[in-house]
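Only the coordinates and a few stated rules stand behind these numbers; no lab work does. It should be emphasised that the depicted structure is a prediction, and the values quoted were computed from it without experimental measurement. No Cβ is skipped: glycine too gets one built from the backbone with ideal geometry, and neighbour counts run over all protein chains shown.
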Amino acid sequence: MKSTGSFDVALHRNLIGGSWVGSTFLPNINPSDLSQVVGEFATATADDAQAAIAAARAAFPGWSRSGILERSRILRDTAQEILRRKDEIGALLSREEGKTLSEGIAETIRAAQIFEFFSGEALRLAGEVLASVRPGVEVQVTREPLGVIGIITPWNFPIAIPAWKIAPALCYGNTVVVKPAEVAPGCTWTIVDILHRNGLPPGVLNLVMGKGSMVGQALLDSPDVDGVTFTGSVGTGRRVAEAGARHMRRSQIEMGGKNPLVVLDDADLGVAVEVALNGSFYSTGQRCTASSRLIVTDGIHDRFVAALADRMATLRVGHALEPETQIGPVVDAGQLEQDLDYIAIGKAEGARLVGGGDLIERPTRGHFLAPALFADCAPRMRIMREEIFGPVAGVIRVRDYDEALAVANGTEFGLSAGICTTSLKHAAHFRRNTEAGMVMVNLPTAGVDFHVPFGGRKASSFGPREQGRYAAEFFTTVKTSYQAAG
Ligand code: NAD
C-alpha cells in the first residue's frame, strides 16, 4: 500500500510470465469524486509488452494441450469467485467508471455468467467426421487454438468486455496478453488476479496496463501475436485492422455506433418512452449500443418528445455509489468536453435543445452532466452522424415507416437498431431490413444476452462475432485432416 495522505491506495502491478511487476504507477481517479484515487496502476512499457508476448508464446504449447477439465475448472472457479465478490467488484466498477452501483453489480454478474458459460464450452468443443469423396479415405474437421491473442479493451464496460474476450480465449486453449483502457483498468486487474490465483499456469494470461499508443501499439506491431481482439473507437479499430493486414493475422474489431430507435404512430407511448430513456441515457449514454437517434413518425412525435422530456426531468444524476442515483457521471474530463462540444454543435446546427445538457453540482466534485435531448434534428447534422458517446440524443421527425427505415439505415454504422411498434408487419419488416448486427423490437437498443452473438455491420464491426458459441470462429482455427482408412 502507498499512502496518499488522506487514505491508503493499493498498488496494482502488471502480470508477466506469472510474476507481478512494475515500478511506475498512474492514479485511477473516481469520476464521481475527483479527490478520490481508486487505486494506483502500473504503466507498462513497450518492452514489458514484448516480455508479455514472449511469456504467452512460451506458455502456448502447454496450455493448448491442457486438459479440458482443467480449463473448465479454472473458468468455473473464476465465475464463482466473481459472483461471490459481486458487491465489492461492482462497487470498484462504479468507482472507476462511474456507472451506478446497480449497473456496476449487474455488469459484474454478467462477467461471472460469461466465465460460467465458457467453463461449459470448454467441455463441448466438437469437430466433424465426414466421408471423403475418395473411397477409403476419412475426413476430420477439427478446431485448434489460434495461438497468442492480444486483447485490447475500452473503458465503458470495464469488466464485461474483458470477460467476453478472456474467457473464450482461455477456454479454447489460447494464451493471452490483455491491455485494458487506461481510464478504468481496475476490473481487468481483478479478473486477472482471480484467474491467476485459481491456478492458470504462468504466462498463459499476461496483463500489461498503460497507454494505448505505447502498450497497445506494441501488441499491434508484434509479429508474435496470432490474433488481436479489440473493442474501442473507429480510429483505433482502423489501426488494428491495418496492422492485422500487415501481419496477415486475424482481427476481431468492435467499434462505435449511431444506433437508431424508430418510434411509430402505433407504438405504446409508455413503452416507447421507457425504451428510449433506457437506451439513450442509462450508463450515462456511454454504450456503443446506445440509441442516439430517435426517429419518430409525425402522429406520435409531439406526445413522445413531451413525455420523454418529462421523464428525463425526473432522472437523478449524481455520485455513482449513492442509492438514489440513476445516471452516474461522465467517465473523465476528456469525454465530458466531447459531450459539451457536441451539445454546442447541435445548437449551432439548428437543433432545438428540449432539456438537459448542463453541468450539475453535487456535494462531491465530479463530471455530472444532465442528459440532453435535442428535437428538430436533421439526418445530415453532425450530432446525428457522429458518435458522441455520452448522454445526448436527438429526435428526427419522419412522415412514415418507409422514411423511418431509410433514415435508420442512412448511417456509416450498423451495430444495433430498435423499433417501437404494435404492428407485426412493421416489426417483421424492420427486423429483416435494418442494416444492423442486432435488432430490438419494443426493447432498448442496448442490453444484450451473454450466450448469443454480439456484433455489428459496416463501420461498427470487422471480423467474426463475439460471445456465445460464435466466439469459436475467432478464437480457434479449423483443420481438415485426411487419412487413408488402411
Ligand atoms: P479507444 O479506441 O480510445 O481505446 C480502446 C483501447 O485501445 C484502449 O485500451 C486504448 O488504450 C487502446 N489504444 C489506443 N490507441 C491505441 C493504439 N495506437 N494501438 C493499440 N491500442 C490503442 O476507445 P475508448 O474511448 O476506450 O472506448 C470508446 C469507444 O469504444 C466508443 O467508440 C465505443 O462505441 C466503442 N465501443 C464499442 C463496443 C462494441 O462492441 N462495438 C463496445 C464498447 C465500446
_For the chain, with +1 on Lys and Arg beta carbons and -1 on Asp and Glu, the positive-most of Ser64, Ile152, Tyr342 along the dipole_ = Ser64
*asked:* Using Cβ contacts closer than 10 Å as the measure, can you line up Lys86, Lys179, Lys425, Lys347 from fewest to most?
replied: Lys425, Lys347, Lys86, Lys179
*Tally the DSSP beta bridges in the chain and give the antiparallel ones as a percent, rounded to 5.*
45
*Kindly give the semi-axes, whole Å and largest first, of the ellipsoid equivalent to the range 137-235, taking each as the square root of 5 times a Cα gyration tensor eigenvalue.*
24, 17, 13
_Step by step: find N for the range 73-198, compute 2.2 N^0.38 Å, then divide the Cα radius of gyration by it. What's the final number?_
1.29
*Whole-Å semi-axes of the ellipsoid equivalent to the range 229-303 (Cα gyration tensor, √5λ, descending)*: 36, 12, 8
*Name the residue farthest towards the positive end of the dipole of the chain from the options Ala126, Ile253, Ala471, assuming +1 on Cβ of Lys and Arg, -1 on Cβ of Asp and Glu, about the Cα centre.*
Ala126
*Considering the convex hull of the alpha carbon atoms of the range 268-409, report its projected area averaged over all viewing directions, in nm², one decimal.*
8.2
*What is the order of Cys377, Cys288, fewest Cβ neighbours within 10 Å to most?*
Cys377, Cys288
*Hey, could you get me the Stokes-Einstein D for the range 99-156, Kirkwood radius over alpha-carbon pairs, 25 °C and 0.890 mPa s, rounded to whole µm² s⁻¹?*
156
*Find the all-direction average of the projected area of the Cα convex hull for the range 260-322, expressing the result in square nanometres with one decimal place.*
4.5
*Give, rounded to the nearest 20 debye, the magnitude of the charge dipole that the range 115-218 has about its Cα centre when Lys and Arg contribute +1 at Cβ and Asp and Glu contribute -1 at Cβ.*
180
*Hey, what's the per residue convex hull volume over the C-alpha atoms of the chain, in cubic angstrom?*
151
*Toward the positive end of the charge dipole of the chain, about the Cα centre and with charges on Cβ (Lys, Arg +1; Asp, Glu -1), which of Ser35, Val392, Pro201 goes farthest?*
Pro201
*What are the radius of gyration and Dmax of the range 431-481, computed over its Cα atoms and given in Å?*
13.3, 47
*Ascending count of other beta-carbon atoms within 10 Å, so fewest first, for Ser283, Ser213, Ser416*: Ser213, Ser283, Ser416
_Dipole in debye (nearest 20) - the chain, about Cα centre, beta carbon charges: Lys, Arg +1; Asp, Glu -1_ = 1140
*Which net charge results when you count Lys and Arg as +1 and Asp and Glu as -1 among the other residues whose beta-carbon is under 15 Å from that of Pro201?*
+3
*asked:* What whole-number distance in Å separates the alpha-carbon centres of the range 376-438 and the range 278-316?
replied: 13
*Simple label model, 7 Å out from Cα along Cβ direction - Asp402 to Arg238, nm*: 3.6
